[in-house]
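One structure below.
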Amino acid sequence: MLFNSYIFIFLFLPISLLGWYGLNRIKKYRTAQIFLIAMSLWFYAYFNSYYLAVILGSCAINYLLSLMLDGKPALRKVVLAAGCVVNLGILGVFKYYDFCVENLNAVFHAGFTGKNILLPLGISFFTFQQLSFVIDRCRGKAPHYGLTDYLSFVTFFPQLIAGPIVLHTEIIPQFQDLDKRKWNGKDFAYGICYFVFGLSKKVLLADTLAGIVNYGFSEIAKLDTPAAVMVAVSFALELYFDFSGYCDMAIGIGRMFGIKIPDNFDAPYKSVSVKEFWRRWHMTLGRFFTQYVYIPLGGSRKGTLRTVVNTMVVFLLSGLWHGADYSFVLWGFLHGLGVSANVIWRRFVPAPKKETEQGKSGFLKRLRRFACQAATFGFVCLAFVFFRSDSVADGFLFLKRLFSGDSYHFIKYIADELSYAELYVPTKIMTMVFPAFLREYRMYVCLAILFVSMLLAFGRTTKERLENRMLTAAFSWKMTLLFVWSVISLTGVSTFLYFNF
Amino acid sequence: MEKKFIKRFLIQSLSLLLLIGAVVVFADPFYHYHAPAAGLKAVVYKAEYQCIGTIRNFRYDGLLLGSSVAENYNNRWFDEAFGCTTIKGIKSSATTMDLLYYLEEAYQNHELGYVFYNLDLFALKAEQKHHFADEGMPVYLYNHMILDDVSYLFNKGVLFEYIPYQLASSLKQDYDEGASYNWAQYKTFSEADALLHYERPPVSAARDFGEEERQLIDANVALLVQMAESHPETEFYFFYPPYSLLWWDSVNREGRTEAYLYAAERAAKALTAYSNVHLYSFLAEEDIVCNLNLYMDSMHFSADVNRWIVEQLKGSGYLLTEENYKEEMARLGALVERMTESDIKKYFPQD
């Protein structure tokens, strides 16, 4: 089920909330938790009941592994190895089997056939979530939880299919805290606001930008430089609004249930380096890789070369996690290079100390900051080209068009292909009154959408906009209008990009 | 303060959504709930979204069924010729099951005096399924579930685009309600256009006609017969539309000629046996099919041809009967052979 669907908003969410608070109110705490698990499984299996077997099987295996350690700490290494093999094995079979077969065929000129297995929704997310639990358990940092608590942690629907990747220490204690089972007006009100912000980011911004992106990537060979720049920037913005919108909705729904879900984005496009970008973008994935891959490999404690190698390993894995295709691997590789360049740069050019910065004028500091932000954003946009391309070759073709220096107003052709229901009447009037300027009008509409999107992406985060805000009558109207506008925009909107990962 | 905010938000949102829903129900641009509201005209131009609503909710006793080649008929031509009130049931590349689905829906609460059925040869060979539950179709308009009507009631396309268009069209004095789904006014018809839009397929060695195709055609014909048999109160006017020689050329190169000729004859044999069925064939009308100036591509002809066909349906010049259908089919076979072997060389001399 999608958050941005009528069935979720008008049926699933109200039923879930009523059941949860109703059962908790009559002190049926365990029943309330079981009810929420059942609802989460309905949410998960809405599109395909086969998914249910995958997630329940995965939960059962990890729960049994945890149980094996109960009172038998000597089994730690065995359980750790089994946990890694089983979890990564499940992910490997469902997500990477065909990719491996293609590679084997290419290398050995073999004729193995792929299985075309339907990728279960969010398998990368719940697998990593459980893997982190098993590793913590083996490190002695996690107790063996009751089955209800464990299933609540894995299946809690707001974070189930596209993250954030939550840790057991963040979620299970909240389910165990019976004080949190009482309805809290403040949490609920802010939960609504987070949800409305996230919904509008997804439906009004990401899906509108998707029109530019989809057309641009379907006509790569025809792009001129300005159009390629517009498409690349649009995709970076689309992806941000899409995924951060989803996470805002997840956080909002969590808060409606009294459960705090960690932030996943912190204005990533304001970053002044690629390294900082990864502290602000998909933060819970970065946390997972840092805690469970980078630090165990030695992190930055073993010299510059080893730091660079560890960084590259993490980003290659991150690329592969996002998708079983070399375009994702290349995307990860580029980000690894970007972060490594930051690491090496800092070895030779230490960060300016506050005292030395004090002498510089505010203007120079702002200029330097702006230049770094622009360079980082440019790098991220270029790398995302591979993320969006169907193949590495398409990605390079896109870059070739981007740096071609050609300019034949292809933006107008893109703008001609797009239509916005909200602007139907003004466009018709333009057609009748100023038919000669119709193409220019469409192009300026397109550019205006891009401009507004950039302002929002580079502006305050949802958290900054909402926390400690007075919930006035005027604000309730703003939220209402945003919500209703989003709801009437639901039909025909695209699916979340991150469901494929 | 938070409780007040939540209360305000819920009441305001619900009220606004109810208001939007009420506007959509009243204007109902897809005619999902009712025929045009008082003062509004029937503004019908988007088949996938409006056909089913008009079939269920309009008042009529004549139904014109067909694919895109039937879209340029004006309903009024049938009304004048047959003294009935006609609407269209159109589906692009319609299968037999698609059109019979419309017909069954129409019979649910209408007494039909006339059914005008554009009998496409490809529909007789099409798979036996209708496509109204397919992904990409607005299924909420076809099923009878009230709950999924939210996709219609809370839909910015409906609100900002279709309702304003419906209102603006209703205000036009000269808006022609009979020209539903017509597109001919946006196209040009000429030999150059027909050839420009014709992608000549390579010659296929395979012959696309075996037992499986024969059974499929027989089954589709049986469905038509069954429909005619179960509604003796309705006069069925079936007619084969005139496809251009370019269409027959592509069919021939792909090895489908035999199948289509079989389909035409099989349907003729079965349908001419019923007194409430009138079957016309314009397939072999040389003045049309060999004149590419009447086409925009290999099969879509100008509205003048549509008008001419309606006039012929009143007479018997192109009527197939139990006595003459074999002869007419033989004439068609000979024409197809001539067109695909010699006439086509005028346009593709290298072959």
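The values are calculated or read from the model by the stated rules, or taken from the named source; none is laboratory data. What you are looking at is a predicted structure, and each value in this text was computed from that prediction instead of being measured. Glycine gets a Cβ as well: all are built from the backbone with ideal geometry, and neighbour counts include every protein chain shown. Protein only, heavy atoms only, side chains kept; ligands, DNA and RNA dropped before computing areas. Shrake-Rupley method; radii C 1.70, N 1.55, O 1.52, S 1.80 Å.
Before moving on, here are some points about what is shown:
- Fraction of antiparallel bridges per DSSP, region B:222-326 only, in percent to nearest 5: 40 percent
- For A:LYS400, net neighbour charge (Lys/Arg +1, Asp/Glu -1) across residues whose Cβ lies under 15 Å away: -2
- Which of A:MET479, B:MET137 is most accessible, then next, and so on - probe 1.4 Å: B:MET137, A:MET479
- Here region A:158-276 is assigned +1 on the Cβ of each Lys and Arg and -1 on the Cβ of each Asp and Glu. Its dipole about the Cα centre then comes out at about 360 debye.
- Percent RCO, i.e. relative contact order, over chain A, from Cα pairs under 8 Å lying at least 6 residues apart: 18 percent
- Mean-position separation - Cα centroids, region B:249-289 and region B:70-86, in angstrom: 23 Å
- Projection of the Cα convex hull of region B:265-327, averaged over all directions and equal to a quarter of that hull's surface, yields 4.9 nm².
- Per-q log10 I(q)/I(0), the protein assembly as shown, q = 0.04 Å⁻¹ (Debye; single scatterer per alpha-carbon; no solvent): -0.24
- Here chain B carries DSSP beta bridges of which approximately 15% are antiparallel, counting only pairs with both residues inside.
- The spacing between region B:1-63 and region A:204-281, judged by their C-alpha centroids, is 34 Å.
- Beta bridge orientation in the protein assembly as shown: antiparallel %, DSSP, nearest 5: 15 percent
- Only Cα pairs under 8 Å and 6+ residues apart enter the sum, and on that basis the relative contact order of region A:193-277 stands at 39 percent.
- Across region A:401-415, computed HN-Hα scalar couplings (Karplus, 6.51 cos²θ - 1.76 cosθ + 1.60, θ = phi - 60°) run 5, 5, 9, 5, x, 6, 8, 9, 6, 5, 4, 5, 5, 5, 4 Hz from first to last residue, x flagging Gly and Pro.
- Helical runs assigned H by DSSP (4 residues or longer) give chain A a calculated mean residue ellipticity at 222 nm of -21500 deg cm²/dmol, each run adding -39500 (n - 2.57) before division by the residue total.
- With 10 Å bins from 0: P(r) over region A:120-256, alpha-carbon pairs, percent: 12, 30, 28, 18, 10, 3
- Distance between the 7 Å Cα→Cβ label points at B:LEU19 and A:PHE348: 6.4 nm.
- Hydrodynamic analysis of chain A uses the Kirkwood radius over alpha carbon pairs. Inserted into Stokes-Einstein at 10 °C and 1.306 mPa s, it gives a translational diffusion coefficient of 64 µm²/s.
- Projected over all directions and averaged, the alpha-carbon convex hull of region B:110-149 occupies 4.7 nm².
- Eligible lysines near B:LYS269 by straight Cα distance, threshold 18 Å, same-chain separation 8 or greater: B:LYS125, B:LYS326
- Here is the P(r) of chain B: all C-alpha pair distances, binned every 20 Å from 0, give 28, 53, 16, 3, 0 in whole percents.
- Here the contact order of chain B, divided by its residue count and restricted to Cα pairs under 8 Å and six or more residues apart, works out to 19 percent.
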